[in-house]
Amino acid sequence: MSKSKTKEVDLFVIGGGINGCGIARDAVGRGLSVTLAEMNDIGGATSSSSTKLFHGGLRYLEYFEFRLVRESLIEREVLLRMMPHISWPMRFVLPLSSEMRFENSTPTSRLLNVLMPWAKGKRPAWLIRLGLFLYDNLGGRKILPGTASISLGKDLAGNALKKKFKKAFEYSDCWIEDNKLVSLNALDAKNRGAKILTRTKVIEAKRIEDFWKIIVENQLTHEVEEHHAKVLINAAGPWVADIINTKLQLNSKDNTRLVRGSHIVVPKLYDHDKCYFFQGTDGRIIFSIPYEYEFTLIGTTDADHDGIETKPTCSEAERDYLINFASQYFAKEVTPKDVVWSYSGVRPLYDDGTENAVAATRDYVLKLEHSAGSAPLLNIFGGKITTYRKLAEAAILEIAKFFPDLKGSWTANSSLPGGDFPVQDVAKLIKKLQSDFNFLTEIRAKRLFRAYGLNAWELLKGASKLEDLGEQFGEFLTQREVEYLRKNEFAMEADDIIWRRTKLGLKMSAHDKKRLSEYLKIS
Ligand code: FAD
């Protein structure tokens, strides 16, 4: 254990998931000095295990979560403009079926059971259309196309489905590369002056009158450092309560509800670029989404999770649930043998006392703890990837009274690194990248542009042939890209690169993965 050094800042953020990094970026842009500590890889927990959608959350309308849905719908286009490289519009096909039921506990289903007992808990088509009408109109849509009715006999989307599905609605939401969202927020925060410490665990924090004394431990070197801050924000996601109880040694009546969600990845089930929104006979819904060009992503489940000590993994029961659910719709059965990868995350939901995991609120809750003369603490509960920017603004608003010179909100009209171009220019820019670096195939140019946007030119600078990019680790992962990710996006270990900043792990051979690990250890 090395001698500790003291560093003083306005704001110290615990947790480098999307909420912590979004807050750090917003705060530093308003003139605060900021340090953020993340105990593992940036965005390595919940924020890289999501369904990866900027969405309003159609199903939350059944829970009357209008505030959350409206805020999320408005945010979709704000975020799409901020990062048109790592986010893009998607069409979702919702096949209609008379067999599909409501989740019993939704306020809407309870109301309809009283008003229309003959419907026996089924979700009628007119109700879905009404939900989609609200979805189209609550959130001031300008870029994304609205809802349409489609005939599955005539649309490409019908080919992959069982013939009994004749009609569907089609609506819009957006895809987001969730882990890149976190690393680019962290990079932008760093570029603006924030200190981002990864593999750095907060092991203790204490109020010393009007400031916080925070002790962190580097998880690689075990070096311990002391930091001082005027305000502490606890954005530790599923660990938020653990931070309060064990690292801060405070009592709090607020708690999280840990709800695990798993996804499976299978070789692609269809050739078009639309997603499906499937309703189950149990009232739940799942998505099927084109993934990494050659795969289909299916998820998610909702299961109460034991505790943060247990690493979330997709259980056999969850895998089978997803397979059986999808097989009710797809013409060709999905089997356990098809599953090439799975991942799980834990939703850190605010515990609002609901009985059912599916029904627990997805909205965020901010709790400020402060009394005169004592340093403030802000605990963040819940939230969605889609609302991270609004959550950051709300968090800064909570602490604004402690910083009279704080600048106004600014992130709505900003761009994340590499994303400063109009949404409609994506195809044109991919073509330009390919013609500027003519050794790139279309698919490689597309992957690099989607990952780095305008910064792809910096990454490839000076290269006129593949060999100029250094060692190859398979699947066009080059030494140049690996070094770029190390320098700019906080990557340290092979998994950071092949399972989070990229998903090349899906295709790379075991030999290439090992070579990459060895390269990272010795260079
Ligand atoms: P996290 O990403 O978990 O970050 C918290 C961080 O704190 C972690 O990285 C952890 O390592 C760190 N930490 C903990 N303790 C310490 C410590 N002592 N010292 C230092 N660091 C510490 N939202 C959407 O908008 N769209 C979706 O499609 C979507 N799908 C989802 C699907 C699933 C299965 C799940 C689980 C969630 C989904 N969400 C979605 C919600 C969204 O992913 C989460 O709300 C969001 O990622 C939470 O981010 P966070 O920063 O709060 O938590």
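The values are calculated or read from the model by the stated rules, or taken from the named source; none is laboratory data. Computed from a prediction, not measured in an experiment: that's the story for all the values here. Counting neighbours? That spans all protein chains shown, and the Cβs are built from the backbone with ideal geometry, glycine included. Side chains are part of the model used for accessible areas, which takes the heavy atoms of the whole protein and leaves out ligands, DNA and RNA. Shrake-Rupley method; radii C 1.70, N 1.55, O 1.52, S 1.80 Å.
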ask   = Counting only residues 5 or more places away or on other chains, whose amide H sits under 5 Å from the amide H of Thr200 once H atoms are built in the peptide plane?
value = Glu38, Met39, Asn40, Gln219
key: Radius, Kirkwood style, for region 366-482 when every pair of distinct Cα atoms is counted (Å)   = 17.9 Å
key: Extreme residue, positive dipole direction of the chain, given options Gly17, Tyr171, Ala186 (C-beta unit charges)   = Tyr171
request  = Please give the residues of region 270-298, grouped as numeric ranges, whose backbone N is less than 15 Å from a label point set 7 Å along the Cα-to-Cβ vector of Gln328.
outcome  = 277-288
message = Using the Karplus curve 6.51 cos²θ - 1.76 cosθ + 1.60 with θ = phi - 60°, what ³J(HN,Hα) values do you get for each residue of region 288-301, in whole Hz, with x for Gly and Pro?
response = 10, 10, x, 9, 6, 6, 10, 9, 10, 9, 10, x, 9, 9
remark   = With the dipole of the chain defined by +1 on each Lys or Arg Cβ and -1 on each Asp or Glu Cβ, the option from Ala157, Ala491, Ile244 whose Cα lies farthest towards the positive pole is Ala157
key: Dipole moment magnitude, nearest 20 debye, the chain about Cα centre, only Lys, Arg, Asp, Glu C-beta charged   = 1260 debye
remark   = Note on region 284-363: the mean projected area of its alpha-carbon convex hull, in nm², is 6.5 nm²
request  = Return a whole-number percent for the relative contact order of region 355-479, with Cα pairs under 8 Å and 6 or more residues apart as the contact set.
outcome  = 14 percent
task = Starting at the first residue of region 271-284, write each ³J(HN,Hα) from the Karplus equation 6.51 cos²θ - 1.76 cosθ + 1.60 with θ = phi - 60°, in whole Hz, x for Gly and Pro.
result = 9, 8, 9, 8, 9, 10, 10, 9, 9, x, 6, 9, x, 7
message = Suppose each label sits 7 Å from its Cα in the direction of the beta carbon; what would the Ala148-Glu292 distance come out to in nanometres?
response = 3.1 nm
query = So how far apart, in nm, are the two label points at Leu156 and Arg67 if each is 7 Å from Cα heading toward Cβ?
reply = 4.2 nm
task = Can you grab the distance from the C-alpha centre of region 126-171 to the C-alpha centre of region 266-328, Å, no decimals?
result = 20 Å
ask   = Assigning unit charges at the beta carbon (Lys, Arg +1; Asp, Glu -1) and nothing else, what dipole magnitude in debye, to the nearest 20, does region 144-209 show about its Cα centre?
value = 280 debye
task = With unit charges on the beta carbon (Lys/Arg positive, Asp/Glu negative), name the residue among Ile203, Trp457, Val28 whose Cα is farthest towards the positive pole of the charge dipole of the chain.
result = Trp457
message = Can you tell me, using C-alpha contacts under 8 Å and at least 6 residues apart, the relative contact order of the chain as a whole percent?
response = 20 percent
inquiry  = Through the Karplus equation 6.51 cos²θ - 1.76 cosθ + 1.60, θ set to phi - 60°, convert the phi angles of region 34-49 into ³J(HN,Hα) values in whole Hz; use x for Gly and Pro.
reply    = 9, 10, 10, 10, 10, 6, 10, 7, 4, x, x, 9, 4, 6, 10, 10
Percent of beta bridges antiparallel (DSSP, the chain, rounded to nearest 5) = 75 percent
inquiry  = Run the paramagnetic zone check for Glu8: 7 angstrom along Cα to Cβ, then residues of region 194-233 with backbone nitrogen under 19 Å.
reply    = 194-195, 206-216, 225-233
request  = Kindly state, as a whole number, the per residue volume in cubic angstrom of the convex hull around the alpha carbon atoms of region 158-317.
outcome  = 205 Å³
ask   = Ordering Lys195, Lys163 by how much accessible area each has at a 1.4 Å probe, largest first, what is the list?
value = Lys163, Lys195
query = Using the alpha carbon gyration tensor of the chain, what are the three equivalent-ellipsoid semi-axes (square root of 5 times each eigenvalue), largest first, in whole Å?
reply = 36, 31, 21
query = How large is the charge dipole for region 248-386, taken about the Cα centre, if only the Cβ atoms of Lys, Arg (+1) and Asp, Glu (-1) carry charge, to the nearest 20 debye?
reply = 220 debye
ask   = At a Förster distance of 25 Å, what's the computed FRET efficiency of Glu483 paired with Glu518, Cβ-Cβ distance as r, to 0.05?
value = 0.95
ask   = Under the definition of Cα pairs under 8 Å and six or more residues apart, what whole-number percent is the relative contact order of region 173-250?
value = 20 percent
key: Chain lengthening between Leu454 and Val224 when straightened (0.36 nm per residue, less Cα-Cα)   = 79.0 nm
inquiry  = Run the numbers for Asn255 and Trp126: contour at 0.36 nm per residue of separation, minus the present Cα-Cα distance, in nm.
reply    = 42.6 nm
remark   = Within the under-10-Å Cβ sphere about Gly261, not counting Gly261, Lys/Arg +1 and Asp/Glu -1 give a net charge of 0
message = Using C-alpha positions alone, give me the convex hull volume of region 336-411 per residue in cubic angstrom.
response = 144 Å³
query = Taking a probe of 1.4 Å, how large is the accessible area per residue of the chain, in Å²?
reply = 42 Å²
remark   = Per the rule of 0.36 nm per residue minus the C-alpha distance, extending Lys401 to Thr246 adds in nm 53.0 nm
message = Given a Förster distance of 51 Å, report the FRET efficiency between Lys206 and Lys268 from their Cβ-Cβ distance, rounded to the nearest 0.05.
response = 0.45
